[in-house]
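First the structure, in the form of structure tokens, and then the observations on it.
Each value in this text was obtained by applying a stated rule to the coordinates, not by laboratory testing. Because the structure is a prediction, the values reported are computed rather than measured. Glycine also receives a Cβ, built like all others from the backbone with ideal geometry; neighbour counts cover every protein chain displayed.
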């Protein structure tokens, strides 16, 4: 029985839609010869964490003359990075507040109240974060 060209094309398309998805990519364990155990099959979080802790301990032991970095100490480069983020924070916080308020105004039909309130909260949040950054940059060791 011969199918017309339209019907044959339709069955080909239908067959493409009903085919089973391809099998997921599986790693052949025989290909992992020479690699540490568990690397290809699945690495547990605890083993990764132990390795990271071991690496940190060995790097601390190898440092010369106890020159460990104090995380609370503000270096010159860190201070530059902190202070250069202030303009972005002052600009982005009110913008996010305004657009979030505008979205909520459209959703709840409260125009323009939520956009004004969230714009003001954005300014407050930006100034508050700026003050926190300035205090953090002025910390002395």
Taking 10 °C and 1.306 mPa s as the conditions, I'd like the Stokes-Einstein D for region 72-141 in µm²/s, using the Kirkwood hydrodynamic radius from alpha carbon pairs. 120
1/(1 + (r/R0)^6) with r = Cβ-Cβ of residue 128 and residue 76, R0 = 35 Å, i.e. FRET efficiency to nearest 0.05, evaluates to 0.90
